[in-house]
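The values are calculated or read from the model by the stated rules, or taken from the named source; none is laboratory data. As the structure is a computational prediction, the values presented were derived from the model and not from experiment. Here the Cβ is made from the backbone with ideal geometry for all residues, glycine too, and neighbour counts use every protein chain on show.
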Amino acid sequence: MIEIVNKFEKSVYAVLMVMLMAVLIAALFELAVKLFGVLTDIKTPYLIDPNEMILVLGGFLLVLIGVELLDTIKAYFIENTIHVEIIILLAIIAMARKVILLNPAPGDSFAFGFELMGIGVIVVGLGAGYYLIKKAGSLSYPVEKKPE
């Protein structure tokens with residue numbers, strides 16, 4: 001029964017990997033179209049507006065997150081382990097993307113301040129977790145134990 005569950009789990013990861021590759025191809029295409037559109041703008045050709053730059057950088061980080069997630073799934077296939085360090089780095093990249101794409105609302109500075117404080121707490125927690133993992137030297141978590 002355990003072998004059936006393990007095969008099912010592997011097939012779910014394989015389907016996830018294929019779907020993630022499709023999403024990455026779409027994200028790359030969207031990023032290329034966005035970058036081409038920004039660079040060939042009629043008003044300011046070859047100059048990127050700061051707001052457009054933020055959108056392009058957000059697209060780059062989104063593709064980077066996807067590639068790292070694909071690497072995590074690939075590592076699971078090869079080693080049967082989930083790399084905790086990569087997961088924490090993905091979360092840090094996602095938070096950096098969130099900070100880059102932050103757009104403060106004109107009249108709601110109180111809520112924006114709370115959002116920034118929440119992001120700060122998350123970033124500090126992720127940084128501390130990453131530091132502890134690096135200090136401990138534990139880079140992966142075995143998913144299943146082999147019978148002895």
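Does ASN103 qualify as being polar (S, T, N, Q), assigned to a helix (DSSP H, G or I) and at pLDDT below 85? No, not satisfied.
Run down VAL18, VAL63, VAL38 and say which single residue is under 30 Å from ASN6 (Cα atoms) and free of Cβ contacts under 8 Å to residues at least 24 places away in the same chain.
Values: VAL63 fails: free of Cβ contacts under 8 Å to residues at least 24 places away in the same chain; VAL38 fails: under 30 Å from ASN6 (Cα atoms).
So the residue among VAL18, VAL63, VAL38 that is under 30 Å from ASN6 (Cα atoms) and free of Cβ contacts under 8 Å to residues at least 24 places away in the same chain is VAL18.
Based on this model, can you work out whether GLY66 counts as surrounded by 11 or more Cβ atoms within 10 Å (Cβ to Cβ), within 23 Å of ILE92 (Cα to Cα) and at pLDDT below 90? Show your work before the answer.
Working: surrounded by 11 or more Cβ atoms within 10 Å (Cβ to Cβ): yes; within 23 Å of ILE92 (Cα to Cα): yes; at pLDDT below 90: no.
In short, no.
Considering ILE82, ILE92, ILE86, ILE48, which residue is in contact with a Gly (Cβ under 8 Å, 6 or more places away or on another chain) and surrounded by 15 or more Cβ atoms within 10 Å (Cβ to Cβ)? Of the residues listed, the single one that is in contact with a Gly (Cβ under 8 Å, 6 or more places away or on another chain) and surrounded by 15 or more Cβ atoms within 10 Å (Cβ to Cβ) is ILE92.
Test MET21 against the stated conditions and say whether it is out of contact with any strand residue (DSSP E or B) (no Cβ under 7 Å at 6 or more places or on another chain), under 22 Å from LYS74 (Cβ atoms) and assigned to a helix (DSSP H, G or I).
Values: out of contact with any strand residue (DSSP E or B) (no Cβ under 7 Å at 6 or more places or on another chain): yes; under 22 Å from LYS74 (Cβ atoms): yes; assigned to a helix (DSSP H, G or I): yes.
Here the answer is yes, as MET21 does meet what is asked.
Identify, from the list LYS146, LYS74, LYS134, the residue that is within 17 Å of the chain's Cα centre (by Cα), loosely packed, with under 15 Cβ neighbours inside 10 Å and either at pLDDT below 80 or not in a loop (DSSP other than H, G, I, E, B) (or both). Spell out how you get there, then give the answer.
On the way: LYS146 fails: within 17 Å of the chain's Cα centre (by Cα); LYS134 fails: within 17 Å of the chain's Cα centre (by Cα).
Matching residue, one of LYS146, LYS74, LYS134: LYS74.
Step by step: first the residues of the range 29-45, then only those that are surrounded by 15 or more Cβ atoms within 10 Å (Cβ to Cβ) and at pLDDT 85 or above, then the one that is nearest to ILE65 (Cα to Cα). Which residue is that? Top of the filtered list is LEU31. If TYR13 meets every condition in (1) loosely packed, with under 12 Cβ neighbours inside 10 Å; (2) at pLDDT 85 or above apart from one, which number is that one? Tallying (1) loosely packed, with under 12 Cβ neighbours inside 10 Å; (2) at pLDDT 85 or above, TYR13 fails exactly one: (1).
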